[in-house]
Amino acid sequence: MTDVLPAGSLTGKVALVTGSSRGIGADTVRYFAEAGADVVINFRNKAPRAEKLANELRALGRRALVVGADLTDPASVAEMFDRVREEFGRLDILVLNASGGMESGMAEDYALLLNRDAQLSVLNTALPLLGEGSRVVFVTSHQAHFIRTTPTMPEYEPVALSKRAGEDALRELIPELSEKGIGFTIVSGDMIEGTITATLLERANPGAISARREDAGKLYNVSEFAAEVAHAALDEVPVDNTRLVGDTSSFVAE
């Protein structure tokens with residue numbers, strides 16, 4: 001047990017994290033389960049990893065539903081939430097963690113499709129399951145959050161622009177969510193050590209991660225950043241709906 005969240009703080013709650021078979025998503029789901037939540041583990045193509053994690057969490061006495069879904073396919077998303085409805089009847093926490101766009105061989109508009117359109121589709125499809133007092137968390141990066149005022153590495157720019165477009169589109173839903181009593185928090189982090197994105201950026205731009213680490217003084221690792229995402233589901237919603245994690249001194253606010 002990691003004691004990231006207070007023991008029992010999520011007892012009786014149901015949490016779904018997109019892209020949770022590995023990395024930040026997997027650690028976030030683990031923290032929720034350790035705090036008492038039943039969980040939904042979503043994956044795109046890592047079924048064995050997702051099942052392994054589910055079995056770990058079931059050993060804690062939690063219910064864990066594993067659902068494969070292609071978030072860019074509305075029918076697949078609808079099917080995922082049908083499964084959640086059948087199993088749990090509701091959802092208390094939705095973490096929009098899955099993102100991408102640096103994969104090779106994808107269509108030109110893939111980043112926008114996944115990082116903007118799919119995020120909206122997932123949230124809108126989940127809405128009927130989210131009751132008063134529930135929470136939605138959107139995970140992004142400083143490189144995306146500040147992209148309009150602070151340039152990023154050219155290799156990451158299309159992803160950063162698409163994630164910022166996703167953030168903007170989700171922000172437009174805040175009044176509607178507030179009306180329903182649903183809290184919404186954006187968690188923005190610096191480059192995270194050990195993520196797929198960091199690995200791909202390092203490959204495209206050798207030295208990029210160490211340069212950023214030197215500049216920031218410290219970069220969070222996967223489990224440290226996941227802890228911030230987990231806390232965002234429990235802590236009060238910040239006034240501007242934004243939780244900034246790590247150094248922001250080299251980024252210019254709008």
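Can you pull out every residue in the stretch 200-241 that is closer than 15 Å to Gln143 by Cβ and not in a helix (DSSP H, G or I)?
Asn205, Leu219, Tyr220
Can you give me the ranges of the helices (runs of 4 or more DSSP H) entirely in the stretch 68-176 with at least 3 residues that are within 18 Å of Ala198 (Cβ to Cβ)?
142-145, 157-171
Those residues that are among the β-branched types (Val, Ile, Thr) and either within 26 Å of Thr140 (Cβ to Cβ) or open to solvent by less than 40 Å² (accessible area, probe 1.4 Å) (or both), I need them from the stretch 8-66; list them, please.
Val14, Val17, Thr18, Ile24, Thr28, Val29, Val39, Val40, Ile41, Val66
Residue pairs, Cβ under 6 Å, 6 or more apart or interchain, first in the stretch 108-125 and β-branched (Val, Ile, Thr), second at pLDDT 95 or above and part of a helix (DSSP H, G or I). List them.
Val122/Val77; Thr125/Val77; Thr125/Ala78; Thr125/Phe81
Please verify whether Ala144 is surrounded by 15 or more Cβ atoms within 10 Å (Cβ to Cβ), touching a residue at least 24 places away in the same chain (Cβ under 8 Å) and either closer than 22 Å to Asn205 by Cβ or over 12 Å from the mean Cα position of the chain (by Cα) (or both), treating the condition exactly as stated.
yes
If you take the residues in the stretch 177-199 that are assigned to a loop (DSSP other than H, G, I, E, B) and charged (D, E, K, R), which one is surrounded by the fewest Cβ atoms within 10 Å (Cβ to Cβ)?
Taking the candidates together, the pick is Lys180.
How do the pairs read when you match residues in the stretch 208-222 that are more than 8 Å from Asp247 (Cβ to Cβ) and modelled with pLDDT of 80 or more with residues anywhere that are open to solvent by 60 Å² or more (accessible area, probe 1.4 Å) and in a helix (DSSP H, G or I), using Cβ under 7 Å and keeping only pairs 6 or more apart or on different chains?
Between residues of the stretch 208-222 that are more than 8 Å from Asp247 (Cβ to Cβ) and modelled with pLDDT of 80 or more and residues that are open to solvent by 60 Å² or more (accessible area, probe 1.4 Å) and in a helix (DSSP H, G or I), the close pairs are Leu219/Arg213.
The values are calculated or read from the model by the stated rules, or taken from the named source; none is laboratory data. What you see is a predicted model; the values in this text were computed from it and never measured. With ideal geometry, Cβ positions are generated from the backbone for all residues, glycine too; neighbour counts draw on all protein chains shown. We work out accessible area using only protein heavy atoms, side chains counted, and drop any ligands, DNA or RNA first. Shrake-Rupley method; radii C 1.70, N 1.55, O 1.52, S 1.80 Å.
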